[in-house]
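The values are calculated or read from the model by the stated rules, or taken from the named source; none is laboratory data. Not measured: the values here are computed from a predicted model. Cβ coordinates were reconstructed from backbone atoms using ideal geometry, including for glycine residues, and neighbour counts include every protein chain displayed. For the accessible areas, the whole protein counts, side chains as well, though only heavy atoms, and no ligand, DNA or RNA atoms are used. Shrake-Rupley method; radii C 1.70, N 1.55, O 1.52, S 1.80 Å.
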Amino acid sequence: MIAFSRRVRLILVLVASIDLAVFSQHSLLVILAQAIGTALILLGLLSSYRPSSIAGLLLTATASASAIDLPSLLEIGQIITAIGSLAIPMFMLTWLALSAEEGESADVLLLKRPAIIALTFALICLLSAPVVTLVMSLLAPTASARITPVTEIAIILMVTVVGAIALTRRVPETAIVSVAEEETQG
């Protein structure tokens, strides 16, 4: 479990937003959208108002995702760019935006197991296109030369859907314990 003070959370929002702005294409609309989104997240953190932070998160995420140019995820350099310039800052901004309200019941804490599951899921989705390309190049060397960005996106979306279905079918341990307690009492 990780809990940060308000000052540290504000600094983390600024650092993540600067990271997103550095790696994006610098058009006036992108910079304006990122600045407004960052301001809304900061306003939400300062006033302990989660809806403001969530609106800012959506604005920042949309502007950043559309502005970062990743023509292909088949090279390790572009995967590192995607992780460093989009995935990690958005993970931090999402966590901070969801923890904008004060109080024990409203705090969104970064717990080990859910964070590890989320990061593993994201890495599997991100690395799915290179792995499929590698398997295809081993099985049919001439077919792998024609993988387009649309094909990469389709592979990543299929892996994301299958992974999401697998994660939603998983029964949390707390539900198993509560069901067992109900059976012993009833």
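Figures for the structure shown
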| read-out | value |
| --- | --- |
| Accessible carbon and sulfur surface of region 7-67 relative to its total accessible area, %, 1.4 Å | 79 percent |
| Per residue solvent-accessible surface (Å²) - region 9-60, probe of 1.4 Å | 52 Å² |
| Nitroxide proxy distance, nm - points 7 Å out along Cα→Cβ at ARG169 and LEU157 | 2.2 nm |
| Relative contact order computed over region 6-69 (Cα-Cα under 8 Å; 6+ residues apart), in percent | 37 percent |
